[in-house]
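The values are calculated or read from the model by the stated rules, or taken from the named source; none is laboratory data. Computed from a prediction, not measured in an experiment: that's the story for all the values here. Counting neighbours? That spans all protein chains shown, and the Cβs are built from the backbone with ideal geometry, glycine included. Ligands, DNA and RNA are excluded from the accessible area calculation, which covers all protein heavy atoms including side chains. Shrake-Rupley method; radii C 1.70, N 1.55, O 1.52, S 1.80 Å.
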Number of protein chains: 2
Amino acid sequence: MSLNKGNCIIGQSGGPTVAINASLSGILSEILHSKLYNSAFGMINGIEGLIQSKYITLTDFFKTQESLDKLTITPSMFLGSCRYKLPNSNENPQIYEDLFDFFKLNNIVTVFYIGGNDSMDTVLKLSDYANKTNQNVNVIGIPKTIDNDLPITDHTPGFGSAAKYVATSLLEIAHDSYIYNVPSITLVEIMGRNAGWLTAASALARTSYSKAPHLIYLPEVPFNVNKFLEDINEVRKTTKNIIVALSEGLKDEDGNYLAAKESYVDSFGHKQLCGTGKYLENIVASNIGCKVRSVEINVLQRAAAHCSSKTDLDESVLLGKAAAKLGASNVTGQMVCYERKSNTPYQIDISSYDISKIANQEKCVPLEWISKNQCDVTSQMLDYLRPLIQGEPTITYANGIPVYSDVSHLCQRKYYQL
Amino acid sequence: MSLNKGNCIIGQSGGPTVAINASLSGILSEILHSKLYNSAFGMINGIEGLIQSKYITLTDFFKTQESLDKLTITPSMFLGSCRYKLPNSNENPQIYEDLFDFFKLNNIVTVFYIGGNDSMDTVLKLSDYANKTNQNVNVIGIPKTIDNDLPITDHTPGFGSAAKYVATSLLEIAHDSYIYNVPSITLVEIMGRNAGWLTAASALARTSYSKAPHLIYLPEVPFNVNKFLEDINEVRKTTKNIIVALSEGLKDEDGNYLAAKESYVDSFGHKQLCGTGKYLENIVASNIGCKVRSVEINVLQRAAAHCSSKTDLDESVLLGKAAAKLGASNVTGQMVCYERKSNTPYQIDISSYDISKIANQEKCVPLEWISKNQCDVTSQMLDYLRPLIQGEPTITYANGIPVYSDVSHLCQRKYYQL
């Protein structure tokens, strides 16, 4: 297996999820137990930080399985993140030469990069450069994103936990809305700029006694305000308290984001956007006139590790382990993927796929998984989603709050400029 | 004990918490095991619903301890709520006559009312009327509110769970903010219109590695924008990512709510408020100019039962049990209270107190528990708060989401008008 024993380096990039550290933990766990590499380094703030020579020795931080188990349930990125697009190697060869000099100097034979579709562009560029220049460095991508919008892989690490948080929160918001003897409409804005997967997951909040969300709007379907008001009025005929799940990325029929439609000028003269939920709240208030509120679930949908999906975290660890093995074999330019074998019982295999077919691509919700009335999802969608939110990891609490891995190194002066 | 065996009726009123059903569960549990009453009725939508003859027989819904255990962890109100101020009995004697006729007809000897300071006004008026008219009906108040602003009782049911959710979310938001190599300021808006207890609880998010929230602003102290900007600039000297906890109820030195200071006119010509967080976000962006975002934790801080404090729920059940016993003895016009005996080890007793000293009163944070620099809380505050968020109840999950009590009766047509 470990043909090229040496060191490896791992980076995390893009927006946070609660499973991106689980994949890191999986890689490190495999290294700890299988001794695939001598040392594992970690880029601080992704490839952008590494270009500035910011890195740590991960094998110093995680010497035991116990420390890795804590890392597995830690939200956001232990290594920090960046949103940085590597220039092409012919545009800026110096960056590549410096990076590969660093790899050589530190006997780094594998680069692992955990991220979304933009981050996979980094994997593609590094692996292409290594091939072109005949360097003995494998580059492996590990997916993550709460948006679930990466192609090829059945789903992405982090999505199941975000989906569980959204569904749980929706049910709790429904309980909160049923209590008054007054008709009400609650609009819940959910993340996902172009892909509606996470908004669709709100449908998992439904129980035998609660049909919330009563309406679901995904960004894959152009949004029509008149139809939206008709949909609400139809539900109002039978339902006192209505919950509507909205993607933050809803666009009108001309392709304009609703969030950009209502703005105001603050006291400093700056234009401020109101957001999709607030915009539609104003429309509902003006046209329907009952009690209306909008709730933005905000950053907690990508950070609320206390409400993670065990399935998501377990799979993310396995994906990290598979990536570690793959990187230690003679494979490069691949992303590890989930392949679904069956829904009942839920079974996945882990495989890998050519990164050039994945980088910079976006997988949206197929239109046939959106119901004909365009304000709900189909049973196929529910069958796809439901396995991903199953199970609750064991979270240790101290002083009443969850115990996560210490991330204070991310705030150390040597790693940043104020 | 049960001198006046008969029936009882229970109501819930005011804003939701995740512990208000735990107190209901405690009352019903005591009744189930001690047979203090023959039947327990439940007002649907509080005293306002009862005036409209809306009620259910609770002993039909909860026949087993198992069903009560599920009720204990169910967020919001099983019986629905109202925000209704009973008129004085001399202004509208008919309402009182009708209510007490209903009590007599149904052999109701005790009324339990679970709520905040406004709801305790109902307890006061009903018990005064019963006394004045020599009716054999005891009226007992059970506190609840996430605001923790009821006098006499050491703290209120629901507060500990909201505090645990706020502290947990703050820590997770901190993890989310540390990852970029860019200075940032995150403003987190927390509920509490006049009392800063819940905002103070954000301090419980601090760990050995994370000092967030770095600044805390309570509504008990008049808010000065210049001092706020100076405070932030001071923290910026040493800290890359700053988290600020803000009460939604911050007021300037003239007593004006900050939330009312910035408004905009929407496309329909209606004035819309921006909220405290958004208002200060605009101020920070204009004056400091680094990356700024504001996060409103919103209704989940009072509804997120999946993140409850076991201490809070256990105590709320005990409080309900104590109330049940009190109501079955010859006591009326009292609210059950927590009395703190010690912080370490944490010990409380349950007592009761004259409702006339509690109704319509508000307990704010004592100024000596706010630090001298007015942007933090003292160690006494932390010693007071910490015991209240300890422990995690066992939550059963099905299909990946928590299993709560069926509240579909709240949406039944017979109980509401569309």
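Here is the figure for region B:230-251: residues that are under 20 Å from B:E296 (Cα atoms) and of a type outside the set (S, T, N, Q) total 10. For B:T72, state whether it is away from chain A (no Cβ under 12 Å) and touching a strand residue (DSSP E or B) at 6+ places or on another chain (Cβ under 9 Å). Criteria not met by B:T72. Selection within region A:381-417: residues that are at the interface with another protein chain (Cβ under 7 Å from one of its Cβ atoms) and open to solvent by 30 Å² or more (accessible area, probe 1.4 Å). The member of this set that is modelled with the lowest pLDDT is A:C411.
Residues checked against (1) within 30 Å of B:A359 (Cα to Cα); (2) open to solvent by 40 Å² or more (accessible area, probe 1.4 Å); (3) more than 18 Å from the chain's Cα centre (by Cα); (4) within 13 Å of chain A (Cβ to nearest Cβ):
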position	(1), (2), (3), (4)
B:S247	yes, no, no, no
B:K251	yes, yes, yes, no
B:N256	yes, yes, yes, no
B:E262	no, no, yes, yes
B:G269	no, yes, yes, yes
B:V295	no, no, yes, yes
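Identify all residues within region A:221-265 that are of a type in the set (K, R), touching a helix residue (DSSP H, G or I) at 6+ places or on another chain (Cβ under 9 Å) and modelled with pLDDT under 95; write none if there are none. Once the filter is applied, which keeps residues that are of a type in the set (K, R), touching a helix residue (DSSP H, G or I) at 6+ places or on another chain (Cβ under 9 Å) and modelled with pLDDT under 95, region A:221-265 yields A:K240, A:K261.
Can you spot a residue in region B:187-200 that is more than 28 Å from A:S76 (Cβ to Cβ), of a type in the set (K, R) and under 14 Å from the mean Cα position of the chain (by Cα)? So far as region B:187-200 goes, yes, one or more of its residues are more than 28 Å from A:S76 (Cβ to Cβ), of a type in the set (K, R) and under 14 Å from the mean Cα position of the chain (by Cα).
Only one of the numbered conditions (1) out of contact with any Cys (no Cβ under 8 Å at 6 or more places or on another chain); (2) part of a helix (DSSP H, G or I) is not met by B:I47, and that is (1). Checking every residue in region A:72-88 against the condition of being surrounded by 16 or more Cβ atoms within 10 Å (Cβ to Cβ), farther than 30 Å from A:H306 by Cβ and of a type in the set (G, A, S) gives zero matches.
One residue stands out in region B:104-131 among those that are in a helix (DSSP H, G or I) and among the β-branched types (V, I, T): the one that is surrounded by the fewest Cβ atoms within 10 Å (Cβ to Cβ), namely B:T122. Test B:T207 against the criterion of being at pLDDT 95 or above, within 20 Å of B:L388 (Cβ to Cβ) and in contact with a strand residue (DSSP E or B) (Cβ under 7 Å, 6 or more places away or on another chain), and give yes or no. Criteria not met by B:T207.
Here is the figure for region A:229-241: residues that are away from chain B (no Cβ under 12 Å), open to solvent by less than 30 Å² (accessible area, probe 1.4 Å) and out of contact with any Cys (no Cβ under 8 Å at 6 or more places or on another chain) total 2.
From the list B:S127, B:S161, which residue is away from every other protein chain (no Cβ under 14 Å) and among the small types (G, A, S)?
B:S127
Scanning region A:374-418 for residues that are part of a loop (DSSP other than H, G, I, E, B) and over 29 Å from B:K164 (Cβ atoms) gives A:Q374, A:C375, A:D376, A:T378, A:Q412, A:Y416, A:Q417, A:L418. Scanning region B:328-351 for residues that are modelled with pLDDT under 95 and surrounded by 24 or more Cβ atoms within 10 Å (Cβ to Cβ) gives a single hit, B:A328. Scanning region A:137-151 turns up at least one residue that is surrounded by 24 or more Cβ atoms within 10 Å (Cβ to Cβ), modelled with pLDDT of 95 or more, among the hydroxyl-bearing types (S, T, Y) and more than 21 Å from A:V331 (Cα to Cα).
Checked against the criterion of being of a type outside the set (D, E), in contact with a helix residue (DSSP H, G or I) (Cβ under 7 Å, 6 or more places away or on another chain), within 25 Å of A:G160 (Cα to Cα) and more than 12 Å from chain B (Cβ to nearest Cβ), region A:46-60 contains not a single residue that satisfies it.
Table: residues versus (1) within 11 Å of another protein chain (Cβ to nearest Cβ); (2) part of a strand (DSSP E or B); (3) crowded, with 24+ Cβ neighbours inside 10 Å; (4) among the β-branched types (V, I, T).
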{"position": "A:Y279", "(1), (2), (3), (4)": "yes, no, yes, no"}
{"position": "A:I283", "(1), (2), (3), (4)": "yes, no, no, yes"}
{"position": "A:R302", "(1), (2), (3), (4)": "yes, no, yes, no"}
{"position": "A:D314", "(1), (2), (3), (4)": "no, no, no, no"}
{"position": "A:L326", "(1), (2), (3), (4)": "no, no, no, no"}
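A:R206 passes every criterion in (1) basic (K, R); (2) open to solvent by less than 10 Å² (accessible area, probe 1.4 Å); (3) closer than 30 Å to B:M43 by Cα apart from (2). Scan region B:83-118 for residues that are at pLDDT 95 or above, closer than 21 Å to B:F41 by Cβ and not aliphatic (A, V, I, L, M) and the total you get is 14. Could you list, in sequence order, the residues of region A:130-158 that are more than 12 Å from chain B (Cβ to nearest Cβ) and of a type in the set (A, V, I, L, M)? Passing the criteria: A:A130, A:V137, A:V139, A:I140, A:I142, A:L150, A:I152. The number of residues in region B:56-103 being under 22 Å from A:N181 (Cα atoms) and either not basic (K, R) or not in a loop (DSSP other than H, G, I, E, B) (or both) comes to 22. Assess whether B:I355 counts as being touching a Gly at 6+ places or on another chain (Cβ under 6 Å), open to solvent by less than 70 Å² (accessible area, probe 1.4 Å) and over 23 Å from A:G400 (Cβ atoms). Criteria met by B:I355. For B:I185, indicate whether it is of a type in the set (V, I, T), within 14 Å of another protein chain (Cβ to nearest Cβ), in contact with a helix residue (DSSP H, G or I) (Cβ under 7 Å, 6 or more places away or on another chain) and surrounded by 22 or more Cβ atoms within 10 Å (Cβ to Cβ). Spelling it out, B:I185 is indeed of a type in the set (V, I, T), within 14 Å of another protein chain (Cβ to nearest Cβ), in contact with a helix residue (DSSP H, G or I) (Cβ under 7 Å, 6 or more places away or on another chain) and surrounded by 22 or more Cβ atoms within 10 Å (Cβ to Cβ).
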